[in-house]
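For reference, the structure is listed below as structure tokens.
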Amino acid sequence: MLWLRRFSLTQRLAFITLLMAIILTLLTILALNRHHEALRQQAFSENQHLVETAHSVATAFAARVSSGQLSLEEAKTQALETIATLRYDENNYFWVQDDLPRMIMHPMRSDLDGQDLRNFEDANGKRFFTEMAEVVQQQGEGFVEYVWPLPGETAPTEKISYVKSFKPWGWTIGSGIYLTRLDAEYSHLRNLFIGASFASILLVAGLMALIGGSR
């Protein structure tokens, strides 16, 4: 970097400061992206664990059928009632469908109960309930992405759900998280940091111009 010798010591320090500010900004954005991805993976893992918890509810009621405490229909009814009341993160919920797929219980959309879901599409035309049925038939469990309105709203937003087969009763139990909510806090923090970083870079660049003009 022999060309730096043409500048004064003060200008060289200002240039190095500017360069370091840019490098630090890029590294921090990279770190924020990695942290955000780690948070997403953690949320997906937690979502999977919660579905497995709801799955264990059905398992417990099936055991009461085996022990003679409940009839099959009583166990199914009570299991659905229990799963329907489960909530986490304020509004997130669980639903149950079968292998057709047909909705057995949806706590937020009772109009779907009993409906054939094979031709049900999201706002992008994706037959996600059918994809869920295919996932559990092929793998027993897994994630499916689609768009779905937040509870109490009509506009669709990105969502990813984990579904798990409960084979004894031919059920698929699922629940999901809204990616828009998950990403909102990260986007706000990233934008604040980028704004502050650019302000710092502009300040250093302005000082360099001022120093250069005063030679």
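Just to be sure I understand, how many residues within region 78-87 are touching a strand residue (DSSP E or B) at 6+ places or on another chain (Cβ under 8 Å) and either open to solvent by 20 Å² or more (accessible area, probe 1.4 Å) or at positive phi (or both)?
2
Can you tell me which residue within region 4-48, out of those that are of a type in the set (Ser, Thr, Tyr) and open to solvent by less than 50 Å² (accessible area, probe 1.4 Å), is modelled with the lowest pLDDT?
Taking the candidates together, the pick is Ser8.
Restricting to region 134-173, and then to whatever is among the acidic types (Asp, Glu) and closer than 18 Å to Arg102 by Cα, can you tell me which residue is farthest from the chain's Cα centre (by Cα)?
Glu134
Restricting attention to region 89-106, report how many residues are touching a residue at least 60 places away in the same chain (Cβ under 8 Å), in contact with a strand residue (DSSP E or B) (Cβ under 8 Å, 6 or more places away or on another chain) and closer than 21 Å to Leu179 by Cβ.
5
Please find, among Glu145, Glu134, the residue that is assigned to a strand (DSSP E or B), of a type outside the set (Phe, Trp, Tyr), out of contact with any Asp or Glu (no Cβ under 6 Å at 6 or more places or on another chain) and open to solvent by 40 Å² or more (accessible area, probe 1.4 Å).
Glu145
Can you name every residue in region 66-77 that is closer than 21 Å to Gly174 by Cα and surrounded by 15 or more Cβ atoms within 10 Å (Cβ to Cβ)?
Matches in region 66-77: Ala75, Lys76.
The values are calculated or read from the model by the stated rules, or taken from the named source; none is laboratory data. This one's a predicted model, so the numbers in the text were calculated from it and none came from an experiment. All Cβ positions, glycine included, derive from the backbone under ideal geometry; neighbour counts span all protein chains shown. The accessibility values were calculated without ligands, DNA or RNA, using every heavy atom of the protein model including side chains. Shrake-Rupley method; radii C 1.70, N 1.55, O 1.52, S 1.80 Å.
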